[in-house]
4 protein chains.
Amino acid sequence: MFKKINISIIGVTGFTGIELIRLLVNHPYVKLKYLVSKTHGEHSKDYGQKISDVWPHLKNICDLDLTDMDVQKVAEESDVVFLALPHHESQKIVPIIINKTKIIDLSADFRLHDKSLYAQYYDHEHDYAEGLSQFIYGLPELHKEKIVSAQNIANPGCFAITAELAILPLKGCIEHVSLFAITGSSGAGKKPQDETHHSIRNHNVTSYKIGVHQHIPEIIQELEIEKSQLTFVPTRGPFTRGIHLTAYFYFQKKFSQKKIMNLYKKTYAKAPFVRMKKNVQLADVIGSNFCDIAVHNVNGKFIIQAVIDNLVRGAAGTAIQNMNIMCGFDETLGLKPISPIFP
Amino acid sequence: MFKKINISIIGVTGFTGIELIRLLVNHPYVKLKYLVSKTHGEHSKDYGQKISDVWPHLKNICDLDLTDMDVQKVAEESDVVFLALPHHESQKIVPIIINKTKIIDLSADFRLHDKSLYAQYYDHEHDYAEGLSQFIYGLPELHKEKIVSAQNIANPGCFAITAELAILPLKGCIEHVSLFAITGSSGAGKKPQDETHHSIRNHNVTSYKIGVHQHIPEIIQELEIEKSQLTFVPTRGPFTRGIHLTAYFYFQKKFSQKKIMNLYKKTYAKAPFVRMKKNVQLADVIGSNFCDIAVHNVNGKFIIQAVIDNLVRGAAGTAIQNMNIMCGFDETLGLKPISPIFP
Amino acid sequence: MFKKINISIIGVTGFTGIELIRLLVNHPYVKLKYLVSKTHGEHSKDYGQKISDVWPHLKNICDLDLTDMDVQKVAEESDVVFLALPHHESQKIVPIIINKTKIIDLSADFRLHDKSLYAQYYDHEHDYAEGLSQFIYGLPELHKEKIVSAQNIANPGCFAITAELAILPLKGCIEHVSLFAITGSSGAGKKPQDETHHSIRNHNVTSYKIGVHQHIPEIIQELEIEKSQLTFVPTRGPFTRGIHLTAYFYFQKKFSQKKIMNLYKKTYAKAPFVRMKKNVQLADVIGSNFCDIAVHNVNGKFIIQAVIDNLVRGAAGTAIQNMNIMCGFDETLGLKPISPIFP
Amino acid sequence: MFKKINISIIGVTGFTGIELIRLLVNHPYVKLKYLVSKTHGEHSKDYGQKISDVWPHLKNICDLDLTDMDVQKVAEESDVVFLALPHHESQKIVPIIINKTKIIDLSADFRLHDKSLYAQYYDHEHDYAEGLSQFIYGLPELHKEKIVSAQNIANPGCFAITAELAILPLKGCIEHVSLFAITGSSGAGKKPQDETHHSIRNHNVTSYKIGVHQHIPEIIQELEIEKSQLTFVPTRGPFTRGIHLTAYFYFQKKFSQKKIMNLYKKTYAKAPFVRMKKNVQLADVIGSNFCDIAVHNVNGKFIIQAVIDNLVRGAAGTAIQNMNIMCGFDETLGLKPISPIFP
């Protein structure tokens, strides 16, 4: 038995913030300490609201007050701080709180080792590039040993983690991989945009940022391939949650079906949230931290498909999995009871 | 055979604007003259675009340039001008173009005869209240004779026309009517809002402005009832197009099923766009100008249901029906070929 | 601390069956004993499958074998048996297992006290009418004291429980109530039908069985009103889970807003799964056992709205709530951690 | 001006049958003669119904009686007969009516030149293999000259035509192409199935028949490639209409962007229903006969995307386009007024 740890969330009113709450209220060793929101802070017109005033589905589940208190104080009184902020916002907070608490950053700010890649894909220079080396990329299936002793975690991007989990067992064997990934509207965040207008999104499918999406350098970094070896087609789909990814491979040498299957089984033998399936369907993982993966063989060419819930496995769920590992808890705590919701 | 008339649309890049185009390109006696858009006008950064650049589904269908030219000139060179603007915007344009062309205003600005009701429901004083009396309320099934000789039409609101068509045959008999109406997201317009965020709207049902919705005074005015005789519950549904309305009645005297049915048949005997059905379903009218109506009798209490496509019968379709009547064309021109799209 | 009880589910492969599993795997005092399915039983061609073979989202969550073993044996080895069968099927099983175990029947077979009403609304004579008096109607907010000592529970219908929870505090005051309720497709069960064809259901709204729906006698029975006092319009909506209900009231005497609010607060003071809200939205309860209720006052007429998840509060969740009460557990066990999934 | 031709549809109550009606009622030179339906025929319990009784959205649009009269008589009294039947059904009708009328078969029965491929992909021997050589594959953009003088047309499959239009300009240059295509539920036909259950389909994405789908031989035949050069991943998406296809290429030699673009422009210079776009979105073509195509270049690798409405361009629309060409009408008659319905 553990003593409860104090957890705070900065940027709590976004979709990943409320998903963290949905999951953390079930965690046996977690006490929610501060819910920080700039837009509902002490100096805003919306001050005085609880999280369940802003998001009423949380009523009776989490009725904590929102605050915009000094983040240094938040950090000092918390064992772990989750940053559920847009990219470019986390890098303003991190210098203030680093080394004062454990940090799990769900933004893109500390995922890339190379600050020039950050500048290229995120359209501005990094404000705290010296912090990049102090973060571990939070993909437990790849970096568990480092995460155990990490102080700061950069939680993977939603497309990136889907691609990485789909491809990880084949690392080192890839000549070229083409990816098609279709994502739900919740991946775009809560701020209304043309792309997430219901009338436009509903019954629509459209690709965007083909070959230039900001998750590309992350995938390349973790799979240790060159940019020219990856073709990535991110696509918007007419559903709320989830990513369905298809990977078409060219390998450096020929593989048997059996060999491929063994690579996957071996890689994920001790991974509680990866399920190998004969075929995957998006609905099977919604609400859960599972990544389902299937291997298909067409005339000797291999096609790998993977599905996740972008708000759980692609954000809050993996963040809690990282927290569990960092804090010495069982990796599945607070996440195992969360079955997929089906239908 | 008629000579083609010149038609211009002011506020063309909204959902009702592009729906007008979808329908008017099929009209045998219409030539689209000017497509006016303030946001894509000569002084904007987006100037130089065609309507099909902004809305690419129109490519090869309507590739006219967008303009923000002087509306007086637009009016002078057009036989009919459609105003597809938000409310409060039309009343700024109308004083400039009135009596220079026929006007069909799809906004709410000239629907109410009483300027104080306008101020109450639309939150500001009317800027051109003297114009109110110069507009005919464009419900062809009620005011066809006036529309024939009208110069200016105030096109009905989408909820309002559904309620009015559902109830019209019972005008004069109602003690009280309770309405439940559920609408698609396109009714909220193209500007992204929290309520039309796909992640929020999709799989959600929520009522709003219960008893205070701005279409209430319009319904009351046309059905000639008191506010206290109407309970209106407008509701947002998880679909793009359409309104499904249910009316629960208390009558001043007892009616037989046969009597009610006769009232409906008589009222709509010559209405080409009203279909009496045993039961209605929203999908049966989508894309078309039909209003389907069904009468149900439960233990002597009558329930009337009506369905429309909010962008056609609730906006662009009725506007064109009004134009046809004003211009001496067959009422159904350009609208009859538009079958519902099903499934 | 309690010893774990043995739970079996008969009819486990339907939507309510798998929802029971989703919830029960999180219950601290429950051990799933037998998962009974006739279609996957020992004599069927599908024998040998696990529940997670039939419904792969359950892989690694519940991998128990399916069986079609003798239900008497199932009953004898189980502390509680859930019957997740279509109506008319439960009444064939109940005579065999009654008094051998606690029964929670999710079908309609034992909800009505009057066998003639059953025959009228379900189109056939009841096969085990003598059993009707041995079942308690499982609405915890109304019959908690009886449920504490009950052996057999008839779990409420999904529309019925929504209406009952919406109206319960006004019991005894109603002159007439008109209901509009819109439900998701999961309410129709897993067997594909025209009404649940995605192409037909998606983007459609249509009412059915107006005034003759089989949940009417249940509502009347529990609210102790006459059939003529209720107008019920059940409606199919384009979403998977949930019921959104609107009730329009005529009262026997005049009520103040304050009086009404007090009735609701008092009735639900100790109800852990009823939340009073200013406004309700369907998305706020999906995945959870909550019923959210809001009271609206329009010109002195009261409109009550209520929302539930039909598979949780309308089926499996209430069933487990009943089980908790029957077994002396805290009423919320296994249900409290299940937050709504939003967005 | 042409005299109207008599058109009959066999298998009219399916999704492609009613889509043919939606489009044909707008065709200036078409008179609908017989609507043939076995399930609503003279000997069935449903006899006596109009098409608008079965599909009430057609009320006042097409109220013709359904019949199951002798198909030979249908053929003799019709200038063109559309067969909107499931595969394996058309081949029973064709021998009776061939050479008595023009035939446009929307099933898969006469698309493949090689009867052994038919047997392999459709799981039974062809009943009328001698008829295969008498049909022209109805892809107007490829076979227009043959269609002009054709008596019998095999209308392309919905996935197949999307792939063929996407790839056609590159015919002869392909080393390998990987396809990802996601389709709406209407492609599965009106008969309810597990895969089209709203609760399952809605919010789901799942691939099926990877590498073995029955449209593969059709694509290979028309593009003149080997099976090993094609990897096809057909996928079910949560929407009603449309196919969105992505093609990843390996070429036999290196191409410049300009060269590729020229190939597309040249191939489709006179194709009224192909629109080249910078980017495609599914919603832009829904309801219309357009195929929108975009070319993307990622690090020198080319990705082609194409979108169609599966019921129009993938079935009824192309069928009418073929009819127009066969009958000497303008290719676009009855199809041009059908703008996409957006949003």
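The values are calculated or read from the model by the stated rules, or taken from the named source; none is laboratory data. Note that the structure is a prediction, hence the values are computed from the model and not measured. All Cβ positions, glycine included, derive from the backbone under ideal geometry; neighbour counts span all protein chains shown. Side chains are part of the model used for accessible areas, which takes the heavy atoms of the whole protein and leaves out ligands, DNA and RNA. Shrake-Rupley method; radii C 1.70, N 1.55, O 1.52, S 1.80 Å.
General observations
- Residues in segment A:323-340 that are open to solvent by less than 20 Å² (accessible area, probe 1.4 Å) and either within 12 Å of chain D (Cβ to nearest Cβ) or basic (Lys, Arg) (or both): 1 in all.
- Single residue of segment A:216-266 satisfying the filter (among the small types (Gly, Ala, Ser) and not in a loop (DSSP other than H, G, I, E, B)) that is nearest to the other protein chains (Cβ to nearest Cβ): A:228
- In segment B:309-328 there is no residue matching the filter, namely being of a type outside the set (Lys, Arg) and over 19 Å from residue B:23 (Cβ atoms).
- Here residue B:308 meets each of (1) under 20 Å from the mean Cα position of the chain (by Cα); (2) open to solvent by 10 Å² or more (accessible area, probe 1.4 Å) with one exception, condition (2).
- Residues being outside any helix (DSSP H, G or I) and in contact with a helix residue (DSSP H, G or I) (Cβ under 8 Å, 6 or more places away or on another chain) - total across segment D:301-327: 9
- Counted as qualifying within segment C:92-195 are the strands (runs of 3 or more DSSP E) with 2 or more residues that are among the hydroxyl-bearing types (Ser, Thr, Tyr), namely C:174-183.
- If you go through segment C:183-206 and keep only what is β-branched (Val, Ile, Thr) and either without any contact (Cβ under 8 Å) to a residue 40 or more places away in the chain or within 7 Å of another protein chain (Cβ to nearest Cβ) (or both), you end up with C:196, C:200, C:205, C:206.
- Filtering segment A:53-68 for residues that are assigned to a strand (DSSP E or B) and in contact with an Asp or Glu (Cβ under 9 Å, 6 or more places away or on another chain) leaves a non-empty set.
- For residue B:45, the conditions (1) modelled with pLDDT under 95; (2) of a type in the set (Lys, Arg); (3) surrounded by 21 or more Cβ atoms within 10 Å (Cβ to Cβ) are fulfilled apart from (3).
- Subset of segment A:152-189 [more than 18 Å from the chain's Cα centre (by Cα) and more than 12 Å from residue A:247 (Cα to Cα)]: A:169, A:171, A:172, A:173, A:175
- Remark: residue C:86 matches the filter, which requires a residue to be in a loop (DSSP other than H, G, I, E, B), away from chain A (no Cβ under 14 Å) and in contact (Cβ under 8 Å) with a residue 60 or more places away in the chain.
- Number of residues in segment A:198-215 that are outside any helix (DSSP H, G or I), closer than 26 Å to residue D:309 by Cα and either among the hydroxyl-bearing types (Ser, Thr, Tyr) or open to solvent by less than 30 Å² (accessible area, probe 1.4 Å) (or both) equals 7.
- Qualifying residue in segment B:161-181 (condition: under 30 Å from residue A:190 (Cα atoms), facing chain A (nearest Cβ under 9 Å) and open to solvent by less than 10 Å² (accessible area, probe 1.4 Å)): no
- Checking B:26, B:99, B:60 one by one, the residue that is touching a residue at least 40 places away in the same chain (Cβ under 8 Å) and more than 22 Å from the chain's Cα centre (by Cα) is B:99 and no other.
- Residue count for segment D:15-39 under the criterion of being of a type outside the set (S, T, N, Q), open to solvent by 20 Å² or more (accessible area, probe 1.4 Å) and closer than 20 Å to residue D:89 by Cα: the result is 2.
- For residue B:110, the test of being crowded, with 16+ Cβ neighbours inside 10 Å, touching a strand residue (DSSP E or B) at 6+ places or on another chain (Cβ under 6 Å) and closer than 13 Å to residue B:128 by Cβ is passed.
- Selection within segment B:268-322 - free of Cβ contacts under 8 Å to residues at least 24 places away in the same chain, within 11 Å of chain C (Cβ to nearest Cβ) and of a type in the set (A, V, I, L, M): B:294, B:298
- When restricted to residues that are at the interface with chain B (Cβ under 7 Å from one of its Cβ atoms) and open to solvent by less than 60 Å² (accessible area, probe 1.4 Å), segment D:56-71 contains 3.
- Checking the stated criteria, residue C:135 turns out not to satisfy the condition of being in contact with a His (Cβ under 7 Å, 6 or more places away or on another chain), of a type outside the set (Val, Ile, Thr) and away from chain B (no Cβ under 14 Å).
- Residue count for segment A:216-244, restricted to those that are open to solvent by less than 10 Å² (accessible area, probe 1.4 Å) and at positive phi: 1
- The set of residues in segment A:284-297 being open to solvent by less than 10 Å² (accessible area, probe 1.4 Å) and of a type in the set (A, V, I, L, M) consists of A:285, A:293, A:294.
- Matching entry among C:157, C:187 (being of a type outside the set (Val, Ile, Thr) and touching an Asp or Glu at 6+ places or on another chain (Cβ under 9 Å)): C:157
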